[in-house]
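A.B. asks: Could you have a look at this structure, given as structure tokens, before my questions?
The values are calculated or read from the model by the stated rules, or taken from the named source; none is laboratory data. Treat the numbers as computed from the prediction; the structure is a model and nothing was measured. Cβ coordinates were reconstructed from backbone atoms using ideal geometry, including for glycine residues, and neighbour counts include every protein chain displayed. For the accessible areas, the whole protein counts, side chains as well, though only heavy atoms, and no ligand, DNA or RNA atoms are used. Shrake-Rupley method; radii C 1.70, N 1.55, O 1.52, S 1.80 Å.
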Number of protein chains: 2
Amino acid sequence: VFDAVEDLMAENAGEVPSISDIAERAGVNPTSLYRRWRTPETLAIDVAVERLMRDFPIPDTGTLRGDLEGWAMNVTRSLNGKKSLALLRILVGMQTSEAPGRERLSALIRRGEEMQSVLARAQARGEATPTLPDVLEIVLAPIYLHILFFGPIREPGYAARLVDRLFALTPAKRGAVKKGG
Amino acid sequence: VFDAVEDLMAENAGEVPSISDIAERAGVNPTSLYRRWRTPETLAIDVAVERLMRDFPIPDTGTLRGDLEGWAMNVTRSLNGKKSLALLRILVGMQTSEAPGRERLSALIRRGEEMQSVLARAQARGEATPTLPDVLEIVLAPIYLHILFFGPIREPGYAARLVDRLFALTPAKRGAVKKGG
């Protein structure tokens, strides 16, 4: 199904195909697609996040700062492109009534879990570790705001600057402050 | 024209009316509306921001922290409502090609200028003063992200917490640090 969506979008200048076209190409029953995703937009977003996770896993650089800088730069690079931006606009433009239940966006949930395990890995190493909401509020939200309202991000150090701000607000691990504590 | 848009939206359950309906109600030439705003959505957003500025001017509490907390709480309250949220979704959902030039959203520009003058007032009083981009990135962006992705903000201290974070990142005025400096 995911391959069918990608192929149809590539053939169609990034336009979101209909559920029936996707079902036909994938050789599945359209009813099952409707049941799981409700709209072709929800399915397209799920596919895009899936592709993002495959092409840009959150890097494992040995430090949380390195991991988050790599992740934030990849998010910026991806959303600076037309296709991902169009899908982000669809996602945020959905009326609440038609917005997908979060359970329909399984790839987005797995992306959140991937970030949670990156944070847990850092904590286990004894690094100062922000919470997931802090990462979303301090790093992701300004990237989205900038791209949605002012267009692509051209400032080279933008993502790194946001990650610096995140760490400036994250208290050092207790163990690192009190010697032997 | 603005009254006509508000009246038509109130009569129509918040639906954005057509340019020709607005022109007819306001007794103006539709061509002039097309020329200035291009789409009824752009006009509707301009009207909404105009109303926001009239109903919720940025408060003048005597301290920048008080001003920004009042502003952030008003933004949250407004976007927790269905009508403003629907317009925000329209604004962020617009494709770049059809997105209004910023010069078409005159009320949004005036709102930015209003915030600039609030910041200038605080600076003149000798207070620690963040930049406008910092206010947008640290306070406004998380409010938008939360409301667009996770729904209305129910946490009572949310806006104040973001303003605290903004000031935690804003260096104290040099004059306030060096006595007599």
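A.B. asks: Being free of Cβ contacts under 8 Å to residues at least 40 places away in the same chain and more than 20 Å from B:VAL135 (Cβ to Cβ) narrows it down to one residue among A:PRO152, A:PRO156, A:PRO130; which is it?
C.D. replies: A:PRO156
A.B. asks: Tally the residues that are at pLDDT 85 or above, of a type outside the set (Ser, Thr, Tyr) and within 13 Å of the chain's Cα centre (by Cα), restricting the search to the range B:71-89.
C.D. replies: Qualifying residue count for the region: 7.
A.B. asks: Let me ask something else. What do you reckon, is A:ARG125 more than 23 Å from B:ILE147 (Cα to Cα) and either out of contact with any Asp or Glu (no Cβ under 6 Å at 6 or more places or on another chain) or modelled with pLDDT under 85 (or both)? Let's see the steps before the verdict.
C.D. replies: Values: more than 23 Å from B:ILE147 (Cα to Cα): yes; either out of contact with any Asp or Glu (no Cβ under 6 Å at 6 or more places or on another chain) or modelled with pLDDT under 85 (or both): yes.
When the stated conditions are applied, A:ARG125 passes them.
A.B. asks: Being under 24 Å from A:ALA159 (Cβ atoms) and at pLDDT below 90 is the filter here; which residues of the range B:147-173 pass it?
C.D. replies: B:ILE147, B:LEU148, B:PHE149, B:PHE150, B:PRO171 - these are the residues of the range B:147-173 that are under 24 Å from A:ALA159 (Cβ atoms) and at pLDDT below 90.
A.B. asks: Inside the range B:50-70, can you point out the residues that are open to solvent by 20 Å² or more (accessible area, probe 1.4 Å), hydrophobic (A, V, I, L, M, F, W, C) and in contact (Cβ under 8 Å) with a residue 24 or more places away in the chain?
C.D. replies: Result: B:LEU52, B:MET53.
A.B. asks: I'm trying to understand the selection: among the residues of the range A:3-37, which are assigned to a helix (DSSP H, G or I), hydrophobic (A, V, I, L, M, F, W, C) and surrounded by 15 or more Cβ atoms within 10 Å (Cβ to Cβ)? Even if it seems obvious, please write down each step before you answer.
C.D. replies: Start the filter on the range A:3-37 by keeping residues that are assigned to a helix (DSSP H, G or I), which leaves A:3-11, A:19-26, A:30-37.
This time we only want the ones that are hydrophobic (A, V, I, L, M, F, W, C), so: A:4-5, A:8-10, A:19, A:22-23, A:26, A:33, A:37.
Scanning the range A:3-37 gives A:ALA4, A:VAL5, A:LEU8, A:MET9, A:ILE19, A:ILE22, A:ALA23, A:ALA26, A:LEU33, A:TRP37.
A.B. asks: Residue under question is A:MET73, and the condition is that it be within 22 Å of B:LEU148 (Cβ to Cβ), open to solvent by 30 Å² or more (accessible area, probe 1.4 Å) and among the aliphatic types (A, V, I, L, M); does it hold? Steps first, answer last, please.
C.D. replies: Working: within 22 Å of B:LEU148 (Cβ to Cβ): no; open to solvent by 30 Å² or more (accessible area, probe 1.4 Å): yes; among the aliphatic types (A, V, I, L, M): yes.
Considered against the rule, which asks whether it is within 22 Å of B:LEU148 (Cβ to Cβ), open to solvent by 30 Å² or more (accessible area, probe 1.4 Å) and among the aliphatic types (A, V, I, L, M), A:MET73 comes out as no.
A.B. asks: From the residues in the range A:118-133 that are under 15 Å from the mean Cα position of the chain (by Cα) and open to solvent by 10 Å² or more (accessible area, probe 1.4 Å), which one is nearest to A:GLY93 (Cα to Cα)?
C.D. replies: Of everything passing the filter in the range A:118-133, A:PRO133 is nearest to A:GLY93 (Cα to Cα).
A.B. asks: Next up: Please verify whether B:ARG36 is among the basic types (Lys, Arg), over 16 Å from the mean Cα position of the chain (by Cα) and either closer than 20 Å to B:ALA159 by Cβ or modelled with pLDDT of 90 or more (or both), treating the condition exactly as stated.
C.D. replies: So B:ARG36 does not fit the description; no.
A.B. asks: Would you check which residues across the range B:123-139 are of a type in the set (A, V, I, L, M, F, W, C) and closer than 17 Å to B:LEU162 by Cβ and list them?
C.D. replies: B:ALA128, B:LEU132, B:VAL135, B:LEU136, B:ILE138, B:VAL139
A.B. asks: Mind listing whichever residues of the range B:147-161 are more than 8 Å from every other protein chain (Cβ to nearest Cβ) and assigned to a helix (DSSP H, G or I)? Walk me through it before giving the result.
C.D. replies: The initial filter retains those residues of the range B:147-161 that are more than 8 Å from every other protein chain (Cβ to nearest Cβ), namely B:147, B:150, B:152-161.
Residues satisfying the conditions are B:ILE147, B:PHE150, B:TYR158, B:ALA159, B:ALA160, B:ARG161.
A.B. asks: Here's something else I'd like to know. Among the residues of the range A:104-117 satisfying the criterion of being surrounded by fewer than 17 Cβ atoms within 10 Å (Cβ to Cβ) and among the charged types (D, E, K, R), which is nearest to A:SER32 (Cα to Cα)?
C.D. replies: Ranking the candidates gives A:ARG110 first.
A.B. asks: Another question about this same structure. Just need a number here: residues in the range B:116-146 that are at the interface with another protein chain (Cβ under 9 Å from one of its Cβ atoms) and basic (Lys, Arg).
C.D. replies: 0
A.B. asks: Within the range B:140-162, which residues are within 23 Å of A:ARG161 (Cα to Cα) and among the charged types (D, E, K, R)?
C.D. replies: Hit for the range B:140-162 is B:ARG161, nothing else.
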